[in-house]
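One structure below.
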Amino acid sequence: MSPAGAQTLKEAIGKYCLIGAAVNQWQSDGQVPEADAVLEKHFNCAVAENCMKPETLAPAEGIFDFRVADKFVNYCRQHNLKVLGHCLVWHSQAPDWWFTNGYAAAPASKEVLKERIIKHIKTVVGHYKGQVHGWDVVNEAIMDDGSFRKSPYYNLLGEEFIEIAFRTAHEADPDAELYYNDYSMSGQAKREAVCRLVRNLKAKGLRIDGVGMQSHNGLDYPNLEEYEKSIDAFAACGVKVMITELDINVLPNPEGFGGADIAQNFELQQKYNPYVNGLPKDKARELDERWMALFNIYYKHRAQISRINLWGISDGGSWLNGWPIKGRTNYPLLFDRQYQPKPVVNEIIKLYK
Ligand code: XIL
């Protein structure tokens with residue numbers, strides 16, 4: 001480290017926790033040298049944005065396709081990044097065939113779905129045994145009102161699907177950390193339900209190391225007091241707290257939008273895409289202030305937080321240009337479209353120095 005102290009995110013924040021980013025396929029295929037440079041300089045861990053999800057790894061019954069994900073894991077090794085696995089069981093981006101009974105085109109039975117989950121987790125976690133620091137075992141199983149999501153897993157197996165997933169993942173790689181991950185984690189009902197889930201899993205002797213708060217945030221959501229309460233509440237359940245998919249949306253949201261269910265889709269209208277030619281100064285200032293408000297919370301809770309992970313590297317690659325409305329220009333990350341750090345990066349580094 002230079003005499004002036006920490007100069008990069010990983011030198012500063014890395015003293016307390018992991019600092020990572022989601023990496024897309026073009027980046028992990030090695031096609032984006034700017035991404036390589038930013039990752040090497042500022043980050044010490046990475047998550048695959050899509051290629052470790054079940055629909056990619058298990059495109060058809062009996063077929064596992066590790067080609068893209070293997071490249072991602074090799075890429076992480078080359079660039080000194082710990083690998084985080086995302087994700088094993090999720091209602092979105094799951095292969096359709098999991099839920100149907102092949103040529104009979106009937107829904108899968110309870111036994112068949114259970115077997116498929118177990119086989120998937122054994123195969124995938126086993127394939128990467130010793131190479132993945134921790135897995136998002138179950139993603140988004142709880143609704144904002146605290147009830148279980150009525151996903152095909154829940155509808156067939158009840159809440160037992162979560163135990164099955166955690167048990168199988170632990171058996172397949174006893175050294176990997178295991179996490180529950182979800183969005184809108186600052187709501188009270190969801191917070192309490194996630195705490196119940198963690199305590200139940202622990203009471204049954206199952207391993208769970210951490211809770212991931214996705215944190216797809218906006219300029220005026222979530223309520224930061226509630227957000228902090230959730231950090232404290234999860235930590236009080238005896239697990240690590242992780243900020244897993246951090247970004248800040250600066251664009252106006254369409255009516256009815258909320259949370260981060262990727263199935264949301266609204267029509268593009270000009271009023272929802274106001275900053276095509278750049279962010280006006282006042283908005284940029286508001287965005288900087290929001291970054292600092294969040295990082296002040298992360299710094300304050302640094303003893304509880306084991307990882308801060310951005311959902312992407314640079315603004316141009318963010319999924320928020322395409323969701324929940326396709327074709328917008330958003331500014332949700334810490335590096336601009338040229339992969340240059342925004343001025344706020346230095347402020348964050350100073351905060352942690
Ligand atoms: C998103 C990816 O960023 C997109 O490229 C993809 O089209 C949809 O999924 N919660 C999650 C992530 O857990 O896996 C999602 O990633 C964003 C919301």
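Computed values, structure above
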{"item": "Odd one out for I313 among (1) aliphatic (A, V, I, L, M); (2) closer than 27 Å to Y179 by Cβ; (3) away from the ligand (no atom under 16 Å from the Cβ)", "result": "(3)"}
{"item": "Test for Y179: is it in contact with a Gly (Cβ under 7 Å, 6 or more places away or on another chain), closer than 26 Å to K202 by Cβ, buried (at least 24 other Cβ atoms within 10 Å of the Cβ) and in contact (Cβ under 8 Å) with a residue 24 or more places away in the chain", "result": "yes"}
{"item": "Of all residues making up the stretch 211-260, the number that are away from the ligand (no atom under 15 Å from the Cβ), among the hydroxyl-bearing types (S, T, Y) and within 28 Å of P274 (Cβ to Cβ)", "result": "2"}
{"item": "Residue satisfying condition, being surrounded by fewer than 24 Cβ atoms within 10 Å (Cβ to Cβ), more than 19 Å from T123 (Cβ to Cβ) and of a type in the set (K, R), within set K53, K71, K41", "result": "K41"}
{"item": "Residue tally, condition polar (S, T, N, Q) and within 12 Å of the ligand (Cβ to nearest atom), over the stretch 293-310", "result": "1"}
{"item": "Residue satisfying condition, being under 24 Å from E140 (Cβ atoms) and of a type in the set (K, R), within set R328, R337, R285", "result": "R328"}
{"item": "Members of the stretch 254-268 found to be in a loop (DSSP other than H, G, I, E, B) and either without any contact (Cβ under 8 Å) to a residue 40 or more places away in the chain or within 22 Å of R149 (Cβ to Cβ) (or both), listed by number", "result": "E255, G256, F257, G258, G259, A260, D261, I262, A263, Q264, N265"}
{"item": "Failed criterion for D65 (all others in (1) in a loop (DSSP other than H, G, I, E, B); (2) more than 16 Å from the chain's Cα centre (by Cα); (3) within 16 Å of the ligand (Cβ to nearest atom) hold)", "result": "(3)"}
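For every residue, the table says whether it meets (1) closer than 30 Å to E40 by Cα; (2) under 16 Å from the mean Cα position of the chain (by Cα); (3) part of a loop (DSSP other than H, G, I, E, B).
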| position | (1), (2), (3) |
| --- | --- |
| Y75 | yes, no, no |
| N80 | yes, no, yes |
| V83 | yes, yes, no |
| W97 | no, no, no |
| Y103 | no, no, no |
| V112 | no, no, no |
| V138 | yes, yes, no |
| G146 | no, no, yes |
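Values quoted throughout were computed directly from the atomic coordinates according to the rules given, and no laboratory measurement underlies them. What you see is a predicted model, and the numbers here were worked out from it, not measured in a lab. Glycine also receives a Cβ, built like all others from the backbone with ideal geometry; neighbour counts cover every protein chain displayed.
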